[in-house]
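Since the structure comes first, as structure tokens, the remarks are kept for the end.
The values are calculated or read from the model by the stated rules, or taken from the named source; none is laboratory data. Everything numeric in this text was worked out from a predicted model, so none of it was measured. Reconstructed Cβ throughout: ideal geometry from the backbone, glycine too, with neighbour counts over all protein chains shown. With ligands, DNA and RNA removed, areas are computed over all heavy atoms of the protein, side chains included. Shrake-Rupley method; radii C 1.70, N 1.55, O 1.52, S 1.80 Å.
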Amino acid sequence: MDKKGDKMTKLSMNKFINMTVSDMNRRNVMEPNFDKYPTGVNENKISFTEYDDDQLMNCPICGFNCTHIKGVEVFARGEDAAEHVHTTVDMEEMSTKVENVTGSGRNPSGRRDGLILSGYCESGCKFDIEIAQHKGNTFFKSIKTGKIKDD
């Protein structure tokens, strides 16, 4: 709430980033990698279908509710740290890889921790769901990564 008690104004991600950059420039602090944050409108929305007391995740590409997660990437990074730990779990290959990475690498967050869930739906869409933190907010972004080929 502002001083008058009005509801806070919702900002687009671009306005939020521009405000943040101008504030950081005034205070002369490190600028995060804004290329890693969502811009514009993401056409691939994450949605859910109610099923008993649970929710089924729908495919962010086509909306079908039969989805499978096939991999997870975890990015552990102290705030604005130059390096982070990147852990990859490939459930199809049954393998795990842990490495130290300098810079942002695939981390969806330019400044903190992040996650990427890789998956597909039974109608053939392949997708990544990126989860990133920035200034107390958690952002979800889904990306179409291809199509499963028919056999």
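So if I check each of 99, 93, which one is charged (D, E, K, R), in a loop (DSSP other than H, G, I, E, B), farther than 22 Å from residue 45 by Cα and touching a strand residue (DSSP E or B) at 6+ places or on another chain (Cβ under 9 Å)? Only one candidate passes the filter, namely 93.
Taken together, the residues in region 49-74 that are in contact (Cβ under 8 Å) with a residue 60 or more places away in the chain and among the aliphatic types (A, V, I, L, M) amount to 1.
Candidates in region 100-150 are the residues that are over 10 Å from the mean Cα position of the chain (by Cα) and among the β-branched types (Val, Ile, Thr); of these, the one that is modelled with the lowest pLDDT is 148.
Residue count for region 68-85 under the criterion of being under 23 Å from residue 136 (Cβ atoms) and under 15 Å from the mean Cα position of the chain (by Cα): the result is 5.
Reported count of residues in region 64-92, each being of a type outside the set (Asp, Glu), over 24 Å from residue 109 (Cβ atoms) and surrounded by fewer than 14 Cβ atoms within 10 Å (Cβ to Cβ), is 2.
Hey, can you tell me all the residues within region 104-140 that are open to solvent by 30 Å² or more (accessible area, probe 1.4 Å) and not in a strand (DSSP E or B)? Scanning region 104-140 gives 105, 106, 112, 113, 122, 123, 135, 136.
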